[in-house]
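What follows is a short report on a single structure.
The values are calculated or read from the model by the stated rules, or taken from the named source; none is laboratory data. Bear in mind that the values here come from a model prediction, so they are computed numbers and not experimental data. Cβ placement follows ideal geometry from the backbone for every residue including glycine, while neighbour counts extend to all protein chains displayed. For accessibility, only protein heavy atoms count, side chains too; no ligands or nucleic acids. Shrake-Rupley method; radii C 1.70, N 1.55, O 1.52, S 1.80 Å.
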Amino acid sequence: MRNATAHAGSGPVPWLVRGGWFSVATGGAAILIPLVMVALVIGLALASWPAMKAFGPGFLASSHWNPATDRFGAAASLYGTLASSAIAMFLTVPLAFFIAVFLTEFAPSWLRAPVRYAIETLASIPSIIYGMWGLFVLAPMLADPVQPWLRDHFGFIPLFSGPPIGIGMMTAGIILALMILPYMTSILRDVLYLVPPDLRESAYGMGSTSWEVTWRIHRRYAASGIFGAFVLGLGRAIGETMAVTFVIGNNQGIHADLFSPATTIAATLANEFTEASEDLYLSSLFELGLILLLVDMLVVLAGQWWLRSIEKRRVGA
Amino acid sequence: MSLMRQSFGRLRGPDPDRVRPLNPNPDDHVCRGIQGTVRPDLGPPPKARVRCLDFFYGNRQVLFDNNLEVPSNRVTAIIGPSGCGKSTHLRAYNRIFELYPGRRARGEIMLDGVDVLAPGVDVIDLRRRVGMIFQQPTTFPMSVFDNVAFGLRLHASLRADALRFEVEQALGSVGLWDEVRDRLNAPAASLSGGQQQRLCVARALAIRPELLLMDEPTSAIDPIGTSRIEDLILGLKRRVTVVIVTHNLQQAARVSDFMAFFYEGRVVEFGPTSQVFHRPSEHLTEDYLSGRFG
């Protein structure tokens, strides 16, 4: 009413006042996301420019990391990031799947709620706690008796050789696995609950066992969600910093065995930023950061691409 | 008696005093056999015989002393208002209710003389013999061919050509072969709703069940698809015994030979379809059929 009077003599109400402000506000808020993304990449790229100029693409291939001689290469950290995440995924994927299936198919109703709360609590524990536990409890246990036993019985496999000191790639992988396990389990459980009851009854109604229903029906029906859970878990493992920094040993080297100390990009960054007094040193750390960002983005993009290709094969299901 | 009056008192229709109680003392769990229901003049021997079936969701009882004889190679329809226990009753035959914690059946369901509710029954084998069709088509997330082959791969180890033959037979028996012969490898979800439902019937028939349970199989299907499925049900009698739950009275009249009317978890009346339809012996049935409630 007020508007109508105010604008009575001065033509139509301006678009911005009539409601255009709302599109502008929402659009402006939405554009923040790509802006932040671009700003991050540009900022990291600018800061790492000196290192790129100094080492070129060889930065990725060199495992030489020596602040004293101003020679830097990302290979050891990159390898550590990928290897520790791979170990974590190797341990977590089957475990998370089994736990989620147990909770949806087998667990009696009185057990489901407590286990769910336990999982959600575990998922919310700060990573520093995992790191401390890993350093003070898990690492000594691995140093004796687990790693010596593994070396004595499976030492012929190169993976299980090296110094059994409890601090290293294996410990980091296990800690990472423990950290992403509750997270992945809880997503998987939600995904499995989304299978329609009729479909589940129908599969059991054909005379299938729980395994057959899980493997042949749930796995296919919920494929996208299951894969999504794995990608999210992997993304977390790749970027996880604190717990890994505690237990991986921070050694810039690539070793074929799982016992030796190693490092990851995130651990290198966390350890060395405070010491980086030289410009080239700092710039190399920024380049590491850029690589971490790109690897994480690549994982998510590859995951989404893969998802779309399954969706296409399944058509509207 | 007071309990019965209470529950019937909720009806708008019949005078409670005129309703003959089915079970004068509902708390009395002594098995009453098929007393209280009209035993139909059964030509063929019963395929399944339900006696004193009670059913519980946790502590809440939802079926009370159900007694039924399902004649072999006939279509038996279960009708009744929503929530009267039709689907629950059906889900006892293949023990599919056991997927949900807290659900419990008591009583007897004899299938060819063996009580399927007894402990020690192999439910995998039971469900191979008792197929089930649901409201929504439950095609599995795989190709048309793999859907029909699903049960065969579980229960029979066939060579590839034999498997293909069986799949073709099953698709033919539901009139789907000519429609899908060129797209056997297409996802089942790409078929129309009616086609998907017939695919589910083909999948069930492929493992040669003896009893086929259908839970409102056309309620999510368009009219043309519905009439094709009804025709299919009529033809199924030759090879299988059918129990169909439906809320569509016309459908029950069209496809069934025998009919059971359920109300509040009880079998109110059971008999040949024409008799139940035209000369119901219970006022409650008459009121339901004439649309006075439901």
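Side notes on the structure shown:
- Under Stokes-Einstein, with the Kirkwood radius over Cα pairs as Rh, the value for chain A at 37 °C and 0.692 mPa s is 143 µm²/s.
- Scoring B:268-278, A:49-59 by mean Cβ neighbours within 10 Å over their residues and listing the highest first yields B:268-278, A:49-59.
- Averaged over the residues of peptide A:192-200, the number of Cβ atoms from other protein chains lying within 10 Å of each residue's Cβ is 3.
- Note on exposure: A:149, B:177 ranked by accessible area (1.4 Å probe, complete protein assembly) read A:149, B:177, with the most exposed listed first.
- Total accessible area lost when B and A pair, probe 1.4 Å, Å² to nearest 100: 2200 Å²
- Computed accessible area, residue B:219, all protein chains, 1.4 angstrom probe, square angstrom: 60 Å²
- When only Cα pairs below 8 angstrom with a gap of at least 6 residues are kept, chain A shows a relative contact order of 27 percent.
- Across peptide B:96-105, the average count of Cβ atoms from other chains found within 10 Å of a residue's Cβ is 3.
- Reach of residue A:53 by Cα under 16 Å, taken over aspartates and glutamates that are not fewer than 8 positions away in the same chain: A:70, A:278, A:279, A:287
- Diffusion coefficient, µm² s⁻¹, Stokes-Einstein with Kirkwood Rh over alpha-carbon pairs of the protein assembly as shown at 20 °C and 1.002 mPa s: 72 µm²/s
- Modelled label positions at residue A:270 and residue B:250, each set 7 Å beyond Cα in the direction of Cβ, lie 7.0 nm from each other.
- Taken residue by residue and averaged, Cβ atoms of other chains lying within 10 Å of the Cβ of B:138-146 number 5.
- Accessible surface of residue A:190, taken over heavy atoms with a 1.4 Å probe and every protein chain present, rounds to 80 Å².
- With R₀ fixed at 60 Å, the C-beta to C-beta distance from residue A:62 to residue B:290 puts the FRET efficiency at about 0.10.
- Mean accessible surface per residue for the protein assembly as shown, computed with a 1.4 Å probe while every protein chain stays in place, in Å²: 47 Å²
- Element breakdown for the protein assembly as shown at a 1.4 angstrom probe: carbon and sulfur atoms account for 61% of the accessible area.
- With each label modelled as a point 7 angstrom along the Cα→C-beta vector, the residue B:220-residue A:49 pair spans 5.9 nm.
- The mean sequence distance of close C-alpha pairs (under 8 Å, at least 6 residues apart), as a share of the length of the range B:86-144, puts its relative contact order at 28 percent.
- Counting only heavy atoms of the protein chains and using a 1.4 Å probe, residue B:100 has close to 50 Å² of accessible surface.
- Taking every DSSP beta bridge that has both ends in the protein assembly as shown, the antiparallel portion is near 60%.
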